[in-house]
Amino acid sequence: MQEARGDAPRACVIGAGSSGITAVKALADRGIPFDCFEKSDRVGGNWAFQNSNGMSSSYSTLHINTSRERMEYADMPMPASYPDFPRHDQIARYFDSYVDHFGLRERITFERGVEHVSRTRDGDFVVRLDDGRRLRYDAVLVANGHHWDPRWPEPPIPGSFDGEIMHSHSYKDPSQLAGKRVVVVGMGNSAMDIAVDASYHAASTSIVARRGVHVVPKYILGQPLDAGVRPTRLPFRWMLRGLEPVLRLTVGPMERYGLPRPDHHLGQTHPTVSSRILDRLAHGAIAVRPEIAELAGDRVRYADGTEDLADLVVYCTGYKISFPFFDEDFFSVQDNELVLYKRIFPVDRPGLYFIGFVQPWGAIMPIAEVQSRIVADHLLGEYALPTRERMEADIERMLRRQRRRYLASKRHTIQVDFSNHMVELADESRAGAARAAERAFAPPITSPRGDSAIAGEQPEDVPTAA
Ligand SMILES: Cc1cc2nc3c(=O)[nH]c(=O)nc-3n(C[C@H](O)[C@H](O)[C@H](O)COP(=O)(O)OP(=O)(O)OC[C@H]3O[C@@H](n4cnc5c(N)ncnc54)[C@H](O)[C@@H]3O)c2cc1C
Ligand SMILES: NC(=O)c1ccc[n+]([C@@H]2O[C@H](COP(=O)([O-])OP(=O)(O)OC[C@H]3O[C@@H](n4cnc5c(N)ncnc54)[C@H](OP(=O)(O)O)[C@@H]3O)[C@@H](O)[C@H]2O)c1
């Protein structure tokens, strides 16, 4: 770790989950002065079960579904004693040991939320904290996560229900299911885990599959499913094309388990990973239902006219990308459409960076680690962005690729293929270094701020961060 450099821009990191802590490390490594504010009393975000911030979506039975070798940061492996798919508390311990190993804990301000971020007339950021302080920064790294703000069914399901309704975000432990007639809505990973838990603890369990998915077991041919997901230029979809027949041979058609036949190829949706759901379906412990038509008092009525008497409906209908600390007219996201150059840089908001806003076939952490290094290089003038026109053209290409690759859905707006995206970031890092060399390594903060210098706070009112 370097001594803080007086000539470097001052940065603020929002959040110390797995994305924020690797951002903190990248800034500390390069001597960039920063503050990191974390709402919670600990690091780890989603992985800190029963996190005091109320934002964690973890539950007591949660294990990772990306294997530990895929999920670990490049500069600190997970302990070899860990299983391939550790439990949430082991993952939280790993993030704890990461900050302690690199001496980052004292660089993070805990139990301090960022309430508002705006810009001064001269283009600096003003960060207002939940203790009322306002501090000025040259740059803001947003790492507040994207799996904490529940997305409820849209449009809402008609009718009224006498029982209990919850979102998977509020699911913490199988005791919440015990003895109840449970309807689990969705076919993503939350739905798989909660339906499996319910199948052991509830009086009855139904799962609502409005669309068939390819359920992928955690091991394929004796290897963790993502063992072969390594950085490569070979299009990942080719690998998936090879995987589809393997799954047909080993797992078999989804219809054999009573699930609807998928209307798409493997890889056109975010992966639904579960070995246990197939077992529970095969044992008849979970009933499969089509889309809900209506909630009707003590029962749930489905599109095919069948019904379940129910006590509890758990909506496992995903999450919204939210930035409550930005004003709508400064930065906002509709329907999860977060459009960024290389998934990091908003084209018209220089000085603002997003870390961890990807949803990979693969894990988020190594991507967040590389993103953070690119941002650190950028802040020191060692990585330069291309022209606005080039960024926009690149974003357009990326969106076209994404539309071809994934089913249109609010859950697929920030989807990337881990293996190809890691190569794309490495290429981009080199290209940005070459551009910076051409421009004689000018730090970005001295560059014009374009239309982002919106009228706002008077700079002289706001103290500069230490
Ligand atoms: C149930 C579940 C299981 C998952 N399993 C996997 C998996 O196996 N593999 C994988 O790669 N991904 C998985 N994910 C995706 C998950 O998003 C990542 O694992 C990881 O948590 C992302 O880290 P993050 O730091 O970006 O966000 P988070 O973990 O959400 O951390 C964000 C941090 O920012 C802080 N924060 C938020 N707002 C503010 C504010 N205004 N001021 C200050 N601090 C703030 C929060 O307190 C929190 O500590 C899973 C997600 C869920 C919901
Ligand atoms: N480590 C783990 O094991 C684990 C566990 C849980 C979650 N996660 C991760 O957490 C993230 C979020 O996962 P998630 O499962 O919570 O959300 P998700 O991936 O967004 O899945 C939402 C599911 O709900 C369905 N859905 C949405 N609205 C519906 C409606 N009105 N009626 C019926 N179905 C509806 C979607 O179907 P459509 O596809 O038709 O829209 C989809 O199947 C993912 O990255 C996931 O991998 C990981």
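The values are calculated or read from the model by the stated rules, or taken from the named source; none is laboratory data. Small disclaimer: the values here were computed from a predicted structure and weren't measured. Every residue, glycine as well, gets a Cβ built from its backbone with ideal geometry; the counts of neighbours run over all protein chains shown. Just the protein is used for accessible areas: all its heavy atoms, side chains included, with ligands, DNA and RNA removed. Shrake-Rupley method; radii C 1.70, N 1.55, O 1.52, S 1.80 Å.
Worth pointing out:
- Taking the Cα centre of the stretch 19-120 as origin and assigning +1 to Lys and Arg Cβ atoms and -1 to Asp and Glu Cβ atoms, the resulting dipole is close to 160 debye.
- Charge dipole (debye, nearest 20) of the chain; +1 at Cβ of Lys and Arg, -1 at Cβ of Asp and Glu: 1360
- Placing unit charges on each Cβ (+1 for Lys and Arg, -1 for Asp and Glu) gives the stretch 217-282 a dipole about its Cα centre, and among Pro224, Leu266, Met254 the Cα reaching farthest toward its positive end belongs to Pro224.
- Per residue, the stretch 249-358 exposes an accessible area of 42 Å² to a 1.4 Å probe, with every protein chain left in place.
- Theoretical gain in end-to-end length, Asp130 to Arg237 [0.36 nm per residue, Cα-Cα removed]: 34.0 nm
- Equivalent ellipsoid, the stretch 250-390 (semi-axes from 5 times Cα gyration tensor eigenvalues, Å): 42, 21, 13
- Computed over the stretch 22-168, the alpha-carbon pair-distance distribution with 10 angstrom bins reads 9, 31, 31, 19, 8, 1, each value a whole percent.
- Computed magnitude of the charge dipole of the stretch 237-368 (debye, nearest 20; Cβ of K, R +1, Cβ of D, E -1): 820
- Kirkwood Rh, angstrom, the stretch 347-413 [1 / mean 1/r, Cα pairs]: 13.8
- Dipole axis of the stretch 372-446 (+1 Lys, Arg; -1 Asp, Glu on Cβ), positive-most option in Ala376, Pro386, Tyr406: Tyr406
- Rg then Dmax, both in Å and based on the Cα atoms of the stretch 1-101: 14.7, 48.
- Pairwise Cα inverse-distance average, inverted: Kirkwood Rh of the stretch 201-272 (Å): 13.8
- P(r) tail, the stretch 122-257: Cα-Cα pairs separated by more than 28 Å, 47% of all pairs.
- Potential extension, Ala178-Arg403 segment - 0.36 nm per residue separation minus Cα distance: 76.9 nm
- Residue ranges 216-226, 17-27 sort as 17-27, 216-226 when ordered by packing (mean number of other C-beta atoms within 10 Å per residue, highest first).
- Per-residue SASA entry for Asp335, accessible area with 1.4 Å probe, Å² rounded to 10: 80
- Solvent-accessible ranking of Val251, Val184, largest area first, probe 1.4 Å: Val251, Val184
- Across the stretch 277-393, the relative contact order, built from alpha-carbon pairs under 8 Å that are at least six residues apart, equals 11 percent.
- Extents of the chain, largest first, come to 66, 47, 44 Å (Cα atoms, principal axes, whole angstrom).
- Taking the chain and dividing mean pair separation by its residue count, relative contact order in percent (alpha carbons under 8 Å, at least six apart): 21
- Rounded to the nearest 10 degrees, the inclination of helix 18-29 to the longest alpha-carbon principal axis of the chain is 20 degrees.
- Contour excess over end-to-end distance, with Cα ends at Val339 and Met1 and 0.36 nm allotted per residue: 118.4 nm
- The packing ranking, built from the mean of other Cβ atoms within 10 Å per residue, places the peptides 390-403, 64-77 in the order 64-77, 390-403, highest first.
- Hull volume per residue, based on the alpha-carbon atoms of the stretch 308-460 and their convex hull, is 160 Å³.
- Surface accessible to a 1.4 Å probe, Glu337 within the full protein complex, Å²: 100
- Normalised by the number of residues in the stretch 197-266, the mean separation of alpha-carbon contacts (under 8 Å, six or more apart) gives a relative contact order of 44 percent.
- Ranking of Met166, Met1 by solvent-accessible surface, largest first: Met1, Met166 (1.4 Å probe, protein heavy atoms only, all chains present).
- Value of [θ]222 nm, deg cm²/dmol, for the chain, DSSP H segments ≥ 4, -39500 (n - 2.57) each, nearest 500: -8000 deg cm²/dmol
- Accessible area (Å², 1.4 Å probe, nearest 10) - Asp7: 110
- Once you divide the Cα radius of gyration of the stretch 99-173 by 2.2 N^0.38 Å, the number left is 1.70.
- The stretch 25-69: C-alpha gyration tensor shape, a/c 1.5 cut-off, then a/b vs b/c: oblate
- Each of Arg136, Arg289, Arg256 has its accessible area taken with a 1.4 Å probe; listed largest first, they run Arg256, Arg289, Arg136.
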